[in-house]
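S.K.: Quick one: the structure is below, questions incoming.
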Amino acid sequence: MKENKLQTVGAVAGYILSGGKNTRMEGQKKLFLRYGGETFCQRILHACDCLPAVYLSVDKKDPYQEAGLPMVEDRWREIGPIGGIASGLVSCKEDALLVMACDMPMIDPESVQQLLDTYRENTSVILVAEQNGRIHPLFGIYPKHVLPVAMQMIREGDYRMMHLLERAGYRTLELGKHSRALENINSTVDYRTLETGPRPFVFAVSGWKNSGKTTMITRLVPELVRRGYKVAVIKHDGHDFESDVPGTDSYRHQKAGAYGTAVFSDHRFLITKEYQGITERELFAAFPEADIILIEGMKNSPYPKYFCRYPEQPLISAEKLADEIEKRMSLY
């Protein structure tokens with residue numbers, strides 16, 4: 001679990017809303033549902049590594065002890081998110097809270113950083129995410145000075161989040177149309193759908209040796225990322241390859257006889273393992289968050305593909321190939 005750093009006045013802290021009675025989840029606490037080998041709580045915390053502290057908004061503390069986070073108990077109960085947010089603004093030392101619903105397991109570090117960077121340009125009003133014309137009040141940054149407005153609304157019995165935005169003042173950050181950060185899991189049906197899909201779209205960039213495959217992919221990836229996609233790349237080697245860099249500690253471990261090695265930090269990991277008969281489909285599971293998986297090679301595979309023929313034929317532009325991929329994705 002995330003260890004809160006020294007809390008600094010003026011900072012923006014993370015603030016996870018644990019949700020209500022979870023009736024549509026058959027009583028299961030959404031915070032502890034699992035996806036991709038982690039709980040929703042753990043996934044959201046990974047996205048919040050850039051924040052100095054993360055708090056958990058709860059109606060009662062006992063059911064959430066295992067989260068290992070400092071908790072803020074609701075001062076105003078059963079009035080929805082406005083009660084939890086107001087309780088946090090009263091209790092927390094930081095000047096603003098980055099509010100996140102606990103049923104949004106696809107929140108990613110990039111979206112959190114985007115919110116922070118945009119908020120710092122103007123800290124006078126609330127900043128919330130927007131996607132495809134829809135405003136999402138439960139993924140946004142609420143400065144402490146909106147607390148009087150929230151408390152006045154509570155006294156008036158007006159608990160609607162959009163009214164809070166309108167009365168306190170707000171602006172929006174448009175997330176890419178393909179961002180999954182705002183996907184929320186409201187029911188058991190949503191959860192089953194999350195577990196089974198949507199699957200990443202797989203596209204191969206193939207060709208003979210030295211035909212421009214790697215060059216094409218290194219041009220294509222930034223274009224797809226610019227369009228809002230999360231992209232992973234899997235390279236197929238038709239012969240074999242040296243699985244580590246000579247001179248590194250993990251290379252020495254491998255040469256000493258270890259059948260597998262792993263290196264990890266707080267931000268990434270690398271696993272190398274001797275394994276006979278692995279297929280690309282088994283590797284897809286390593287990238288559950290990806291929108292698109294590009295495969296370099298596999299010219300005889302069944303996946304839609306672009307075949308590189310350089311130098312006999314110039315490579316297609318990254319923009320045109322990205323257009324073609326989006327066209328195929330629409331039929332996926």
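S.K.: I'd like to verify a number: residues in segment 246-284 that are touching a helix residue (DSSP H, G or I) at 6+ places or on another chain (Cβ under 6 Å) and of a type in the set (A, V, I, L, M, F, W, C), how many?
M.R.: The qualifying residues number 1.
S.K.: Then there is this: Scan segment 122-151 residue by residue and report those that are surrounded by 13 or more Cβ atoms within 10 Å (Cβ to Cβ), in a helix (DSSP H, G or I) and of a type outside the set (Gly, Ala, Ser).
M.R.: Kept after step one, since they are surrounded by 13 or more Cβ atoms within 10 Å (Cβ to Cβ), are these residues of segment 122-151: 123, 125-131, 135-147, 149-151.
Cutting the leftovers down to in a helix (DSSP H, G or I) gives us 144-147, 149-151.
Residues satisfying the conditions are Lys144, His145, Val146, Leu147, Val149, Met151.
Residue-by-condition table, conditions (1) in contact with a helix residue (DSSP H, G or I) (Cβ under 6 Å, 6 or more places away or on another chain); (2) closer than 26 Å to Thr39 by Cβ:
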| position | (1), (2) |
| --- | --- |
| Glu94 | no, yes |
| Asp117 | no, no |
| Arg120 | no, no |
| Arg134 | no, no |
| Val149 | yes, no |
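S.K.: Inside segment 303-332, can you point out the residues that are out of contact with any strand residue (DSSP E or B) (no Cβ under 9 Å at 6 or more places or on another chain) and under 14 Å from Leu220 (Cα atoms)?
M.R.: Taking segment 303-332 and keeping what is out of contact with any strand residue (DSSP E or B) (no Cβ under 9 Å at 6 or more places or on another chain), we get 311-314, 317-320, 322-323, 326-327, 330-331.
Selection gives Ser317, Ala318, Glu319, Lys320, Ala322, Asp323, Glu326.
S.K.: Please list, ordered by first then second residue, the pairs with beta carbon atoms under 7 Å, 6 or more apart or interchain, first in segment 47-65 and without any contact (Cβ under 8 Å) to a residue 40 or more places away in the chain, second among the basic types (Lys, Arg) and surrounded by 14 or more Cβ atoms within 10 Å (Cβ to Cβ).
M.R.: That search, which allows pairs on different chains as well, returns Pro63/Lys29.
S.K.: Any idea which of Glu312, Glu324, Glu274 is within 18 Å of Val233 (Cα to Cα) and of a type in the set (D, E, K, R)?
M.R.: Glu324
S.K.: Within segment 172-181, is even one residue in contact (Cβ under 8 Å) with a residue 12 or more places away in the chain, small (Gly, Ala, Ser), surrounded by 17 or more Cβ atoms within 10 Å (Cβ to Cβ) and assigned to a strand (DSSP E or B)?
M.R.: Within segment 172-181 (the criterion being in contact (Cβ under 8 Å) with a residue 12 or more places away in the chain, small (Gly, Ala, Ser), surrounded by 17 or more Cβ atoms within 10 Å (Cβ to Cβ) and assigned to a strand (DSSP E or B)), the answer is no, since none of the residues qualifies.
S.K.: A further question on this structure: Met104: touching a residue at least 24 places away in the same chain (Cβ under 8 Å), assigned to a loop (DSSP other than H, G, I, E, B) and under 25 Å from the mean Cα position of the chain (by Cα), yes or no?
M.R.: Spelling it out, Met104 is indeed touching a residue at least 24 places away in the same chain (Cβ under 8 Å), assigned to a loop (DSSP other than H, G, I, E, B) and under 25 Å from the mean Cα position of the chain (by Cα).
S.K.: So which residues in segment 304-325 are touching a helix residue (DSSP H, G or I) at 6+ places or on another chain (Cβ under 9 Å) and surrounded by fewer than 18 Cβ atoms within 10 Å (Cβ to Cβ), if there are any at all?
M.R.: So the first thing to find is which residues in segment 304-325 are touching a helix residue (DSSP H, G or I) at 6+ places or on another chain (Cβ under 9 Å), and the list is 304, 306, 308, 310, 315-319, 321-322, 325.
Hits for segment 304-325 are Pro304, Tyr310, Ile316, Ser317, Glu319.
Every number here is computed from the coordinates shown, using simple stated rules; none is lab data. Just so it is clear, the model here is predicted, and its values are computed rather than measured. Positions of Cβ are generated from backbone atoms using ideal geometry, with glycine treated the same way; all protein chains shown enter the neighbour counts.
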